[in-house]
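What follows is a single structure, written as structure tokens, with notes after it.
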Amino acid sequence: MNFDLSEEQSALQDSVGRLLRNELEQTRLLEIFDSEDGHDVRLWRALGKLGVLGLMIDEKHGGTGLKMLDAAVVTEILGYHGTPGPYLGHVAAALAISLGGNDAQKERWLPRLADGDCVGTVALAESGDAWQPDEWALPGQAALNGAKRNVLYPGQADLMVVGVAGGGLVLVENPAQSVEVTPLPSLDATRRIAHVTFRDTPAVPLGGSAGRLRDALLVLLAADAFGGARRCIDMAVDYALTREQFGQVIGAFQGLKHQLANVAADVEPARGLYWYAAHAYDAVPDDAERMAALAKAHIAERFLHAARETTQAHGGIAYTWEFPLHVWLKRAVFDRAYMGSTSVHRARVADLSGWAQAG
Amino acid sequence: MDLSYGVEYEAFREEVRAFIAENWSRRDARDPQRVTAFRLRATAAGYLYRNIPRRFGGSEQPADVLRAQVIHEEFSAVRAPMEIAGNGVRMLVPTLLECGASWQQEKFIPPTVRGEVDWAQGYSEPGSGSDLASVRTRGELVGDEWIVNGQKIWTSRAQLCRYMFALVRTEPDAPKHQGISYLLLDLHQPGVTVRPLKQITGQSTFNEVFFDDVRTPADWIVGRRGEGWQVSRATLKHERTGIGNAETYLEQFAKLVNVARSTARNGRPAIEDPIVRDRLAEIEGYLQAHRYSTFRQLSMNLAGRNPGPVTTMNKLVVTNLGHLIAALAQELIGDASLLLPVYEPGRKVGNERWMNQFFGSLGIAIAGGTSNIQRNIIGERGLGLPRDRTGDAS
Ligand SMILES: Cc1cc2nc3c(=O)[nH]c(=O)nc-3n(C[C@H](O)[C@H](O)[C@H](O)COP(=O)(O)OP(=O)(O)OC[C@H]3O[C@@H](n4cnc5c(N)ncnc54)[C@H](O)[C@@H]3O)c2cc1C
């Protein structure tokens with residue numbers, strides 16, 4: 001048994017972490033959080049240059065040709081640093097093209113997605129929190145008419161992968177020209193969302209399975225949530241080691257120590273859960289769908305709990321906008337709701353596990 | 001055991017209802033003048049400011065918690081205005097009635113009760129939150145004035161308040177708890193700088209307040225020099241009982257049930273979903289427990305008996321309720337949780353308004369003594385466990 005990351009994977013995490021420590025110190029993160037569009041082009045380019053945006057894109061199309069596990073462990077680091085921008089939708093769009101695009105589409109888009117020259121996004125949710133492929137009702141013709149909700153960065157996107165009725169996917173190229181975008185006040189300002197309306201929007205069908213795309217997003221959300229939860233704990237521990245009350249650091253109070261220990265014990269074991277979910281996506285087809293749902297439901301919930309507990313562990317300072325912990329609190333809310341909330345995926349886990357069938 | 005309030009109180013209830021029917025309509029809520037006029041009439045009728053003497057603008061009623069409860073129930077049922085909200089009425093006035101000089105009561109209580117001035121609570125400092133008795137803002141008596149220098153933080157609504165009641169270190173050589181005085185400060189003077197802090201919600205309710213040679217008359221002190229800590233305990237007691245009120249949570253819960261009725265899960269109203277029903281019922285359990293716990297505390301207080309450790313638990317109990325409500329609300333509002341509630345003309349705020357409850361439930365867990373501090377209080381004062389050497393939680 002060797003359930004551990006390879007040296008290459010650890011090195012990859014290190015180099016992404018190094019980049020983000022330099023490019024995204026907390027004041028910069030808050031600036032982007034407060035900015036008009038929540039997208040820092042310089043950071044985006046730097047991520048592209050490092051290969052982060054094309055990890056799962058084939059080498060022959062300018063990517064690194066790696067697997068979901070590699071993308072997931074990098075996503076954990078992005079989550080840890082609260083990385084703002086279109087990453088999640090972008091990676092998903094690239095994956096959809098890799099899985100279901102024809103050669104021409106791949107050649108046209110993948111190299112530019114890999115280096116971040118283009119931004120991709122996915123438009124999946126419909127009203128009534130309808131995130132799952134079997135819930136989509138948008139008629140999928142060559143011209144789209146209807147709406148999608150909570151789409152990541154549609155205003156910046158050069159291409160949009162859209163989920164349509166029957167669980168299919170279609171590709172909208174240069175949506176800026178054919179899609180109407182209604183910006184929303186995003187709670188998590190590191191992942192901006194908007195509603196989009198299609199009016200005779202030209203679209204071309206993509207092959208591939210929307211279920212696979214959904215599972216990929218669930219794994220990435222789980223990885224992001226794990227990184228975010230870890231960051232909340234690190235911040236609280238740092239603070240507990242410096243903040244003094246009653247003549248000693250607050251970390252010396254058993255009440256606070258136990259509070260943080262409980263959160264850590266809640267979060268830390270979940271690392272293996274998202275690793276395995278990513279590995280299953282890559283290599284254990286029978287278990288992939290179930291584990292993706294389980295990892296997302298479980299870890300997003302852990303993240304939210306960790307963010308709430310560590311907010312309290314800081315006291316008043318964490319209730320401000322100037323102190324960055326709220327960025328992770330809001331990311332936790334996003335990770336929990338995006339692609340469907342916890343109970344949706346727990347119900348899917350229960351179904352997919354076959355518990356109801358006689359053993 | 002008798003849960004009815006008794007004939008006398010039911011007759012009183014009828015009287016209150018008749019009064020409201022005659023004097024209040026929901027439309028009045030939008031007109032500040034009508035609200036003020038209503039408060040005056042309700043005070044004259046003996047329904048508001050019951051424990052404040054008439055000469056200070058109160059209705060000076062004999063203490064009767066059941067009448068107070070009936071009034072609260074009937075007024076909140078139709079959202080008729082009750083006492084002015086804010087630290088002035090909730091905390092300063094009771095403190096002045098308990099510990100203030102009579103000229104202070106005469107000068108400060110009437111305008112506070114009329115809502116003409118409000119008060120900021122100047123307790124917390126950057127270095128002093130849970131360890132409140134370590135406050136460092138200095139006050140020095142020079143001639144017939146205190147000269148105050150230092151800084152307060154997290155001061156709610158200071159930007160809207162005329163005055164502040166503050167804990168100020170006036171006896172630097174005395175032991176920690178004996179070196180503090182309770183001073184009243186006019187915030188509208190040179191030397192006071194109020195800097196609003198943006199909160200996690202995006203709104204700015206609390207502030208930093210800086211004092212640079214701020215002056216206040218020598219006799220604007222409540223209690224004696226060095227007695228500020230004891231005086232503040234009186235205020236904090238009022239703050240904590242305020243927070244422990246079950247009524248607000250009953251209302252919030254009713255709204256949550258409404259959300260469950262109006263949102264869908266698996267194509268059916270969420271209220272039909274077994275998981276939602278189970279979680280609602282769990283919250284209802286805590287809520288009703290707390291409600292009857294407060295009835296019991298009320299009855300025992302009435303009979304002059306001590307309800308025991310439960311009195312130390314009220315704040316933690318409602319804080320925990322807030323966490324449970326937040327968790328279920330997240331689940332019910334689903335995608336609306338992706339949005340920040342933004343209040344501006346022309347924008348409709350939907351279920352994302354529950355994000356305010358989400359954040360508020362964290363604010364409550366910190367403000368007025370964090371949950372850890374509450375647990376220390378429950379353990380030490382409620383259960384009689386040994387006091388922590390350092391964390392003197394009171
Ligand atoms: C929304 C809001 C409004 C507020 N309004 C006001 C106001 O109007 N006026 C005012 O004066 N203040 C106000 N406050 C401040 C509030 O009273 C303080 O934030 C609170 O007392 C905690 O102090 P602190 O922030 O310094 O945290 P700290 O005391 O530094 O606490 C940090 C952490 O250490 C823990 N801790 C500290 N001591 C112990 C111990 N002995 N054992 C175990 N754990 C411990 C705490 O539980 C917390 O988790 C407000 C706060 C909020 C959030």
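Read-outs throughout are calculated quantities, based only on the coordinates presented, and are distinct from any laboratory measurement. The shown structure was predicted, so the numbers you read here are calculated from the model rather than taken from an experiment. In this analysis, Cβ positions are derived from the backbone assuming ideal geometry, glycine residues included, and neighbour counts consider all displayed protein chains.
Things worth noting here:
- Estimated vicinal HN-Hα couplings, Hz - region B:132-141 in sequence order (Karplus 6.51, -1.76, 1.60; Gly, Pro = x): 5, 5, 8, 3, 10, 4, 9, x, 10, 7
- Distance between region B:259-320 and region A:228-249 - C-alpha centres, whole angstrom: 32
- Amide H contacts of residue B:223 (H built 1.01 Å from N, in plane; Pro and chain starts excluded): B:101 sit under 5 Å, all sequence-distant by 5 or more or on other chains.
- In summary, the lysines within cross-link reach of residue A:49, defined as a Cα separation below 26 angstrom excluding same-chain residues under 8 places away, comprise A:60, A:67, A:106.
- Angle in degrees between helix B:7-23 and the longest Cα principal axis of chain B, rounded to the nearest 10: 90
- Computed from backbone phi with θ = phi - 60° and the Karplus coefficients 6.51, -1.76 and 1.60, the 3J(HN,Hα) list for region B:245-260 is 6, 6, 3, 4, 6, 4, 4, 4, 5, 4, 5, 5, 4, 4, 4, 5 Hz; x is used for glycine and proline.
- Total formal charge among the other residues, if their Cβ is under 15 angstrom from that of residue A:31, Lys/Arg +1 and Asp/Glu -1: -3
- Remark: mean inter-chain Cβ contacts per residue of B:128-137 equal 3, using a 10 Å Cβ-Cβ cutoff to other protein chain atoms.
- Size of charge dipole - chain B - debye, nearest 20, with Cβ of Lys, Arg +1 and Asp, Glu -1, no other charges: 400
- Within straight-line reach of residue B:107, meaning a Cα separation under 24 Å, sit the following lysines at least 8 residues removed in sequence or on another chain: B:237.
- Straight-line cross-link reach from residue A:330 at under 21 Å between alpha-carbon atoms covers these lysines, not counting any fewer than eight positions away in the same chain: A:296, B:198.
- Database remark: amide H of residue B:207 closer than 5 angstrom to the amide H of B:154, B:155, B:156, B:157, B:158, B:197 (H placed geometrically; neighbours at sequence offset of 5 or more, or on other chains; Pro and chain starts carry no H).
- For region A:292-335 versus region A:254-270, the gap between their alpha-carbon centres in whole angstrom: 14
- Helix B:274-302 axis, angle to chain B major axis (alpha carbon atoms, nearest 10°): 50
- Look at B:161, B:99, A:232 and count the other Cβ atoms within 10 Å of each Cβ; fewest to most, that gives B:99, B:161, A:232.
- Counting only trypsin sites (Lys or Arg not before Pro) that DSSP places in a loop and that have at most 12 other Cβ atoms within 10 Å, the longest clean stretch of chain B runs over B:80-223.
- The distance linking region A:1-53 with region A:159-199 is 24 Å (Cα centroid to Cα centroid, whole angstrom).
- Sorting B:300, B:91 from the fewest to the most surrounding beta carbons within 10 angstrom yields B:300, B:91.
- Taken about its Cα centre, the protein assembly as shown carries a charge dipole of about 1560 debye when Lys and Arg each add +1 at the Cβ and Asp and Glu each add -1 at the Cβ.
- Rounded to the nearest 10 degrees, the inclination of helix A:254-267 to the longest alpha-carbon principal axis of chain A is 20 degrees.
- Here's how it looks for residue B:125: its modeled amide H is under 5 Å from those of B:153, which are all 5 or more places away or on a different chain.
- Cβ-based charge dipole, the protein assembly as shown, positive-most Cα from B:262, B:20, B:334: B:20
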